[in-house]
1. For LYS47 and ALA90, what does the FRET efficiency come to when R0 = 41 Å and r is the distance between their Cβ atoms, rounded to the nearest 0.05?
2. Can you give the direction-averaged projected area of the convex hull of the alpha-carbon atoms in segment 52-157, in nm²?
3. Just grab the label-to-label distance for PHE152 and ASP134, each label 7 Å out from Cα along the Cβ direction, in nm (one decimal).
4. Pairs of lysine in the chain with Cα under 21 Å and at least 8 positions apart or on different chains: total?
5. Between ASP125 and ILE57, what length comes free when the chain is fully extended (0.36 nm per residue of separation minus the Cα-Cα distance, one decimal in nm)?
6. Between (i) 9.5; (ii) 11.5; (iii) 13.2, which matches mean projected area of the Cα convex hull in nm² calculated for the structure shown?
7. Apply the Karplus parameterisation 6.51 cos²θ - 1.76 cosθ + 1.60, with θ equal to phi minus 60°, to every residue of segment 110-120 and state each ³J(HN,Hα) to the nearest whole Hz, in sequence, with x for glycine and proline.
8. Taking only protein heavy atoms and a 1.4 Å probe, what accessible area per residue, in Å², does the chain have with all protein chains in place?
Amino acid sequence: MSLLAPEKTAVSVDMYSMTVPVLVRALKNLSHLLDKAEAHVEDNGLKPEDMLGARLIEDMLALVNQVQLATDTAKGAVARLAGVENPSFADIETTFDELHQRIDKTIEFINSVDRDLFDGAETRDVTLKVRSGDIHFKGYDYLTGFVLPNLFFHVTTAYGIIRHKGVKIGKLDYLGPR
């Protein structure tokens with residue numbers, strides 16, 4: 001054994017545990033953030049559409065879009081990693097209630113996928129079709145290098161928008177209950 005090149009150890013990966021509980025928790029925390037935003041709107045006599053259409057800066061997507069993209073990322077990840085059909089949700093939400101329904105529908109889908117379908121997902125070929133061309137991954141790299149950063153980007157951006165609009169939230173609201 002060399003000190004410069006340590007031996008590699010094979011690591012067993014439970015893709016289900018790395019995916020489903022993490023995605024569900026992030027979406028539940030996002031729903032909690034929306035609850036706080038809605039209460040702020042109601043308590044201060046504000047227009048819901050002003051909160052839902054808010055952006056951090058004009059060239060970024062609005063709060064409603066951040067929620068749509070977070071749910072799309074989560075359901076797409078589960079579908080691709082488990083090898084099942086990715087349900088299509090139209091991006092038509094305009095109210096807090098509709099966003100909560102979308103999150104709930106996404107969580108319901110995620111929880112409905114059989115754990116056994118994730119067996120071997122770490123080496124499963126995943127192809128994303130994007131405007132600039134196809135992106136190819138193995139399942140583990142897709143989850144750790146694309147899905148999780150992308151999901152947390154949209155949840156964090158939603159948090160930032162809500163906080164920027166004056167809602168009293170903090171890091172524990174983002175992290176959610178244990």
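The values are calculated or read from the model by the stated rules, or taken from the named source; none is laboratory data. Quantities reported herein were computed from a predicted structural model and do not represent experimental measurements. Here the Cβ is made from the backbone with ideal geometry for all residues, glycine too, and neighbour counts use every protein chain on show. Just the protein is used for accessible areas: all its heavy atoms, side chains included, with ligands, DNA and RNA removed. Shrake-Rupley method; radii C 1.70, N 1.55, O 1.52, S 1.80 Å.
1. Details: r = 24 Å, r/R0 = 0.57.
Efficiency computed from Cβ-Cβ geometry: 0.95.
2. Numbers: hull surface 28.2 nm².
Convex hull of Cα atoms, orientation-averaged projection: 7.0 nm².
3. If labels sit at PHE152 and ASP134, their model points lie 3.0 nm apart.
4. Counting lysine pairs in the chain gives 18.
5. That pair, ASP125 and ILE57, stretches by 20.9 nm at full extension.
6. Among (i) 9.5; (ii) 11.5; (iii) 13.2, the one calculated here is (iii).
7. Calculated HN-Hα couplings, in order: 4, 6, 7, 7, 4, 4, 4, 5, 8, 4, x Hz.
8. Values: 10410 Å² over 178 residues.
Here the residues of the chain average 58 Å² of exposed surface.
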